[in-house]
Amino acid sequence: MKIGAHVSTSGGLQTAIDRASAIGAEAIQIFASSPRAWRFRALKEEQVLSFKEKSTSGQIEPTFIHGSYLVNIGGTPELVEKSITCLIDNMNAANQIGAEGVIFHCGSHKGRGFDTIFDQATEALRHVLDQSPEGPYLILENSAGSGDHVGSKFNQIGRMINAIASDQVKVCLDTQHSYAAGYNLTTSEGVSAVMEEFDREIGLDRLAVVHANDSKVDFSSGVDRHENIGDGYMGTKAFKAIMAHEAFKDTTFLLEVPGIDGEGPDTENVDRMKKIRAEIGPDF
């Protein structure tokens, strides 16, 4: 079990490793390009080489790329086409830097309903895989459930994965999104029930990574609002229950919290997660 964090690449791709090291992160998540723009900036070869060397020498791995926030496989045909191109660009970047995969939000069906957009969404992801290198995983992230977001329920994610039928498709489980979507992760019994449903609908072998975030909003609120570990409605008890469950024994946990000073994942939050890991035993 590794404790990592989302870190900035400001100043060059390789600077992400320095930032991760400074806060004690053991793995990282980055944006390969601006998360709020369609235009993808190609990675410079010298930065790619420096990033890979620093990652290996600093033993900070695996790396995950988070895709653009603009991606929406449930949107209009034009939006879906842009999303396909954007995901392919990120998959190519993941292959360049040796990242484990690309994590992305599925977007919104805009009131049309999941069943209505199901075929276009799965076909879009097939196109992405057909035009992407075979190495990195394409990783669907569960949503918090607000509005018309796709993928807040495990059965929706499972249906898409079954239709795509590729071993290259995996899942990122976001703890805050799960809690907001009505999955009770605050007790050992709750975590066991949630992961039994995950296994039944998706399959535990599809779990690639966890976004570790406490919640600023109460249970089943449907709202995506992250809080620092132990400071939200989920509390430290939830992360003790989650991290002690067998399903997460060899999983990477990536922090996407606001940080104590509001500047993103920091040493304090990494240390809180490491303390919980130490408390649940050496096997983890």
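Observations on the structure shown:
- Top of Ser132, Ser178, Ser143 by mean-square fluctuation, Gaussian network on the chain, Cα under 10 Å: Ser132
- Where labels lie 7 Å past Cα in the beta-carbon direction, separation of Asp199 and Ser166 in nm: 2.8 nm
- For segment 2-280, averaging the sequence separation of C-alpha pairs within contact (under 8 Å, six or more residues apart) and dividing by the residue count gives a relative contact order of 17 percent.
- Gyration tensor verdict on segment 218-284 (Cα atoms; rounded if a/c is under 1.5, prolate if a/b is larger than b/c, oblate otherwise): oblate
- Where labels lie 7 Å past Cα in the beta-carbon direction, separation of Thr187 and Phe219 in nm: 0.8 nm
- The DSSP beta bridges internal to the chain are antiparallel in roughly 10% of cases.
- Legend: residue pairs Lys44/Lys274; Lys110/Lys275; Lys170/Lys275; Lys82/Lys170; Lys110/Lys274; Lys44/Lys216, Cα-Cα distance threshold 32 Å; pairs beyond threshold, Lys44/Lys274; Lys110/Lys275; Lys110/Lys274; Lys44/Lys216.
- Computed [θ] at 222 nm, deg cm²/dmol, the chain (DSSP H ≥ 4; -39,500 (n - 2.57); rounded to nearest 500): -13000 deg cm²/dmol
- Segment 2-280: C-alpha gyration tensor shape, a/c 1.5 cut-off, then a/b vs b/c: oblate
- Applying 0.36 nm per residue to the separation of Thr76 and Ser50 and subtracting their alpha-carbon distance, the gain on full extension is 5.4 nm.
- Zone residues, segment 248-264, relative to Tyr69, backbone N less than 16 Å from point 7 Å out along Cα-to-Cβ: 256-259, 263-264
- Rg/Rh ratio calculated on Cα atoms of segment 1-62 (Kirkwood radius): 0.97
- The GluC sites (Glu not before Pro) of segment 229-284 that meet both conditions, a loop assignment by DSSP and at most 14 other Cβ atoms within 10 Å of the site Cβ, are Glu263.
- Under 16 Å from a label point set 7 Å out along the Cα-to-Cβ vector of Ile260, the amide N atoms of segment 217-234 belong to 228-232.
- Those residues of segment 165-199 whose amide nitrogen sits under 14 Å from the label point placed on Lys237, 7 Å along Cα→Cβ: 184-191
Values quoted throughout were computed directly from the atomic coordinates according to the rules given, and no laboratory measurement underlies them. Keep in mind it's a predicted model, so treat the numbers as computed, not measured. Positions of Cβ are generated from backbone atoms using ideal geometry, with glycine treated the same way; all protein chains shown enter the neighbour counts.
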